[in-house]
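Readers should treat all values here as calculations from the given coordinates under stated rules, not as data from a laboratory. Fair warning: this is a prediction, and the values are worked out from it, not measured in the lab. Backbone-built Cβ (ideal geometry, glycine too); neighbour counts: all protein chains shown.
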Amino acid sequence: MAKEKTQYTCNECGGNSPKWLGKCPHCNAWNTLIESVAEPTAPAKNRFASLAKTAEVTTLADIEATDVQRTPTGHDELDRVLGGGIVEGGVVLIGGDPGIGKSTLLLQALDSLQRAWQKTLSDAGPPQGAKAPSGGSGPRAAGQRGGGTLYVTGEESGAQVALRSRRLGLDGSQVSVLAEIQLEKILATLDHVRPAIAVIDSIQTVYSEQLTSAPGSVAQVRECAAHLTRAAKASGTAIVLVGHVTKEGALAGPRVLEHMVDTVLYFEGDTHSSFRLIRAIKNRFGAVNEIGVFAMTEKGLKGVSNPSAIFLSQHSEPVPGSCVMVTLEGTRPMLVEIQALVDSGGPSPRRLSVGLDRDRLAMLLAVLHRHAGVACMDQDVFVNAVGGVRISEPAADLAVMLAITSSLRGKPLPKGFIAFGEVGLAGEVRPAPRGQERLKEAAKLGFSVAVVPKANMPKKSDKALNAQFEGLTIHGVDRIEEAMELARSLV
């Protein structure tokens with residue numbers, strides 16, 4: 001028996017090499033080549049098949065531009081991240097740590113979609129002489145798409161999925177379930193049932209008989225995702241792929257997987273906390289960096305309409321080292337409490353930040369010393385964003401510096417105090433984007449004092465805008481030393 005040929009495949013880009021190399025020759029990533037069995041060359045018609053339908057060359061002016069129709073999932077927070085709902089023929093990739101709630105949320109969304117579709121069908125009534133299908137199953141004419149849902153599970157049996165649905169309180173759910181991991185059988189089922197939306201849980205368990213590598217390998221994930229994406233574009237069925245993540249938190253498999261799909265969602269959150277965040281990293285049909293906030297309950301995941309309450313600690317009286325800021329996550333302004341602790345350190349003081357950039361913290365401490373005269377050279381500085389949220393925008397600079405100064409001096413900031421603004425190396429306070437929306441959110445939640453960049457101050461001539469800030473006293477500053485002096489005078 002002839003020995004099977006082997007090759008080395010890159011985990012990052014999926015590129016192939018005939019021998020092992022320390023660095024991938026295609027993407028220059030180190031230690032990513034894994035030995036696998038060489039796949040036979042696919043027929044030309046398969047190798048050059050397009051993910052989208054073939055069309056004639058035309059100009060942009062001649063193409064009719066219409067808004068994509070969206071189907072709400074019944075979960076407002078999930079719809080916010082998706083851009084309004086599920087898009088016909090769209091492919092969504094959702095990843096997250098094990099046990100964080102991916103399957104739970106998708107099962108709840110499928111049940112809501114199925115109930116809404118059946119209600120619409122019963123209100124309209126089946127066509128004369130036709131029998132209404134149940135659960136999205138049943139034969140249909142070629143090219144006709146149904147309105148049901150399909151949950152394809154490769155990690156659990158049908159009985160396990162049914163047991164989970166009972167725990168979630170989804171009694172009498174009509175969601176169709178298929179326990180299968182072979183790609184060809186899944187594609188045949190999708191072509192026969194033609195559901196409106198199908199969930200593949202997970203893409204790492206699916207394998208194709210055309211490839212000899214094991215399920216979860218780079219080649220299997222890439223080819224199975226490509227076939228499912230092609231099927232979604234051809235039939236109009238929206239497909240949601242559940243993906244595994246690596247130890248670093250990135251989606252497992254080749255990076256080309258994220259380029260193939262229309263939307264990429266990340267499930268975030270501490271397994272010890274009851275709150276979960278879904279963040280949109282890529283979205284061809286909506287805004288990126290949107291987040292949805294959920295609370296894990298006994299009956300599954302529930303949307304949190306006012307996430308600011310999660311990230312604010314309930315202090316009976318102001319405490320030193322605490323400052324509230326307004327951050328933007330996509331189109332949503334959220335109030336987050338920044339806490340700082342400054343303590344006497346040794347010859348090598350520590351700088352530690354949770355939820356904020358550590359390198360930026362070191363830069364802010366240098367600016368604080370040079371331009372505001374606040375020295376922390378011999379102090380340990382710890383900074384934390386309450387609630388496990390991660391803040392990457394520079395608008396948190398001013399709040400971080402005020403919290404550090406408050407902790408160092410042992411004097412709390414006044415009650416109802418918020419601040420936001422970017423601080424430069426020259427000590428200037430730069431404006432934050434969409435400052436008016438941040439101030440509106442703070443005024444709505446009852447805050448009374450705001451220190452913001454002078455460029456974000458509302459115009460006095462705009463009476464309608466100022467009426468929305470009623471009860472909120474806004475102070476504009478140009479320099480960090482002005483902000484420090486103003487904070488001392490308000491105490």
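Observations on the structure shown:
- A simple spin-label model places pseudo-atoms 7 Å from Cα toward Cβ; at ALA295 and ARG255 they are separated by 4.0 nm.
- Crossing angle, helix 183-193 versus the chain [Cα axis fit, 0-90 degrees, rounded to tens]: 80 degrees
- Among (1) 20, 43, 31, 6, 0; (2) 21, 50, 27, 3; (3) 22, 48, 24, 6, 0, the entry that matches P(r) over Cα pairs in 20 Å bins from 0, in percent as calculated here: (1)
- Against the chain, whose longest principal axis comes from its Cα atoms, helix 102-124 is set at around 70 degrees.
- Based on DSSP H segments of at least four residues, each scored -39500 (n - 2.57), the chain has a per-residue ellipticity at 222 nm of -8000 deg cm²/dmol.
- Looking at the stretch 309-490 alone, DSSP beta bridges between its own residues are antiparallel in about 60 percent of cases.
- Which listed pairs, of LYS302/LYS415; LYS119/LYS302; LYS102/LYS415; LYS415/LYS459; LYS247/LYS282, have C-alpha distances above 28 Å, in listed order: LYS302/LYS415; LYS102/LYS415
- Residues in the stretch 328-352 reached by a label modelled at ASP380 [backbone nitrogen below 20 Å; 7 Å Cα→Cβ]: 339-352
- Ordering CYS224, CYS24 by the number of other Cβ atoms within 10 Å of each residue's own Cβ, fewest first, gives CYS24, CYS224.
- Rounded to the nearest 5, the antiparallel percentage of DSSP beta bridges internal to the chain is 55%.
- Extending 7 Å from the Cα toward the beta-carbon at both ASP97 and LYS415 defines two label points whose distance is 3.7 nm.
- Counting every other Cβ atom within 10 Å of each residue's Cβ, SER157, SER274, SER112, SER407 order from fewest to most as SER157, SER274, SER112, SER407.
- Placing +1 on the Cβ of every Lys and Arg and -1 on the Cβ of every Asp and Glu, with nothing else charged, gives the chain a dipole about its Cα centre of roughly 300 debye.
- Using the Cβ-Cβ distance between GLU393 and ALA159 with R0 set to 41 Å, the FRET efficiency from 1/(1 + (r/R0)^6) comes to roughly 0.35.
- Rounded to 10°, Cα long-axis angle of helix 397-409 versus longest principal axis of the chain: 50 degrees
- Contact order relative to length of the chain, as percent, for alpha carbon pairs under 8 angstrom and 6 or more apart: 12 percent
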